[in-house]
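One structure is given below, encoded as C-alpha cells.
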Amino acid sequence: MGVVVSGAAVMLAAPAAAQDVTAERALIDELDQRLLASPTATGTLTRWCAEHGLADPARIHAELVTGAISPATAEQRTRLGVGPDEPLGYRRVKLMCGTHLMSEAENWYVPARLTPAMRDLLATSDTPFGTVIRPLNPSRRNLEAVQLWREGPLPRDILRHRALVLGGDGQPLAEVVETYKSSALPVRR
C-alpha cells in the first residue's frame, strides 16, 4: 500500500510541476513582450515590480559594476554612427528592484549626444540609463531578443536583449545588452 501511495503522490506532483512551468513560461513571455514594446527597460521594470509586489516602493536603481570595461566593436560604432576615434561611454550595471536582481546590462553610449548633467548622473549615481535620458524622448530599436529557457530547471538568466536606444530625433544614443534574471519573476506563493 505504501508503494501505491508513493506512486499516487508522484503522479499528483507531476501536474503541479507542469503548472509551475506553464506559469513561469507565461510570465517570461509577458515580460519579454513588454520589454520589446517599451521605449526603455527602466519604465517597464518599474511597472513590473509594482504590479508583482517585488518591492515597496517599486523603484529601479542601478548598481554600478566598477572596473568593468568592454570596448565597443566596429559594428557597434557603425550602429551608433560614430567614428573609430569618437569617445564612447561604457557602463555595466545590475538593475535592482528592492532586493530583486532584475537584469545585468552593458551600455555603450555617445556622451556628446547627452547633456553634461546626464553624463554626470551616469558617472556618479545609481540612476538607470533610461531614467537619465528620459528628457530626450527615447525609443528602442530591438536588434536581438533571445529567450534563454525552454525546459528543465529555471536558470538564472531567462532573457537577453540587444537594442539600439534612439533619441527623439532618431539619433542613436546607446547600444545596450540586457540579460534578465529569473529573480525578476514573482515568487510562487
Can you find even one residue in region 52-68 that is of a type in the set (K, R) and either buried (at least 21 other Cβ atoms within 10 Å of the Cβ) or assigned to a loop (DSSP other than H, G, I, E, B) (or both)?
yes
Select from region 29-53 the residues that are within 15 Å of the chain's Cα centre (by Cα), closer than 13 Å to M102 by Cβ and of a type in the set (A, V, I, L, M, F, W, C) and list them in ascending order.
L31, L35, A41, L45, W48, C49
If a residue must be at pLDDT 95 or above, among the basic types (K, R) and open to solvent by 40 Å² or more (accessible area, probe 1.4 Å), how many such residues does region 141-183 contain?
4
Please find, among T40, T46, the residue that is open to solvent by less than 50 Å² (accessible area, probe 1.4 Å) and in contact with a Pro (Cβ under 7 Å, 6 or more places away or on another chain).
T40
Checking the conditions here, which among A117, A72 is open to solvent by 60 Å² or more (accessible area, probe 1.4 Å), of a type in the set (G, A, S) and over 17 Å from K181 (Cβ atoms)?
A117
Exactly one condition in (1) modelled with pLDDT of 95 or more; (2) in contact with a strand residue (DSSP E or B) (Cβ under 8 Å, 6 or more places away or on another chain); (3) surrounded by 13 or more Cβ atoms within 10 Å (Cβ to Cβ) is false for V132; which is it?
(2)
Could you check region 81-135 and list, in sequence order, the residues that are out of contact with any Leu (no Cβ under 7 Å at 6 or more places or on another chain) and of a type in the set (K, R)?
R92, R119, R134
May I ask you to list pairs of residues, at least six apart or on different chains, whose Cβ atoms are under 8 Å apart, with the first in region 116-142 being aromatic (F, W, Y) and the second being assigned to a loop (DSSP other than H, G, I, E, B) and modelled with pLDDT under 95?
F129/T40
Can you tell me which condition N142 does not meet? The list is (1) within 15 Å of the chain's Cα centre (by Cα); (2) at positive phi, and all the others hold.
(2)
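The values are calculated or read from the model by the stated rules, or taken from the named source; none is laboratory data. Quantities reported herein were computed from a predicted structural model and do not represent experimental measurements. Because the Cβ atoms are built from the backbone with ideal geometry, glycine has one as well, and the counts that use them run over all protein chains shown. Please note that ligands, DNA and RNA were not included when accessible areas were found on the heavy atoms of the full protein model with its side chains. Shrake-Rupley method; radii C 1.70, N 1.55, O 1.52, S 1.80 Å.
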